[in-house]
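To keep things clear, I will list the structure first and then write my remarks on it.
The values are calculated or read from the model by the stated rules, or taken from the named source; none is laboratory data. Because the structure is a prediction, the values reported are computed rather than measured. Because the Cβ atoms are built from the backbone with ideal geometry, glycine has one as well, and the counts that use them run over all protein chains shown.
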Ligand SMILES: [Zn+2]
Ligand SMILES: [Zn+2]
């Protein structure tokens, strides 16, 4: 599934996250949520990479955190 996220979804995620990274991965080194500002370049990351781009299946990640996701560089973006 190579569906692209819509611009509206990005805006909705940005609103939901308060403009901050929603990453909660322990592998990143931040404790709890990342909360880095999402401005300029940031990534819509699908929680279930086989799923679709929907509000329940995506989180907003700063570029640093996106690099730490298991699916980074895997599959089409
Ligand atoms: Zn982050
Ligand atoms: Zn992170």
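Among the residues that make up region 49-59, is at least one of them within 12 Å of the chain's Cα centre (by Cα) and modelled with pLDDT under 90?
yes
Is it the case that some residue within region 4-16 is in a loop (DSSP other than H, G, I, E, B), surrounded by 15 or more Cβ atoms within 10 Å (Cβ to Cβ) and modelled with pLDDT of 95 or more?
No: region 4-16 contains no residue that is in a loop (DSSP other than H, G, I, E, B), surrounded by 15 or more Cβ atoms within 10 Å (Cβ to Cβ) and modelled with pLDDT of 95 or more.
Determine which member of the set 34, 23 is assigned to a loop (DSSP other than H, G, I, E, B), in contact (Cβ under 8 Å) with a residue 40 or more places away in the chain and crowded, with 17+ Cβ neighbours inside 10 Å.
Of 34, 23, the one residue that is assigned to a loop (DSSP other than H, G, I, E, B), in contact (Cβ under 8 Å) with a residue 40 or more places away in the chain and crowded, with 17+ Cβ neighbours inside 10 Å is 23.
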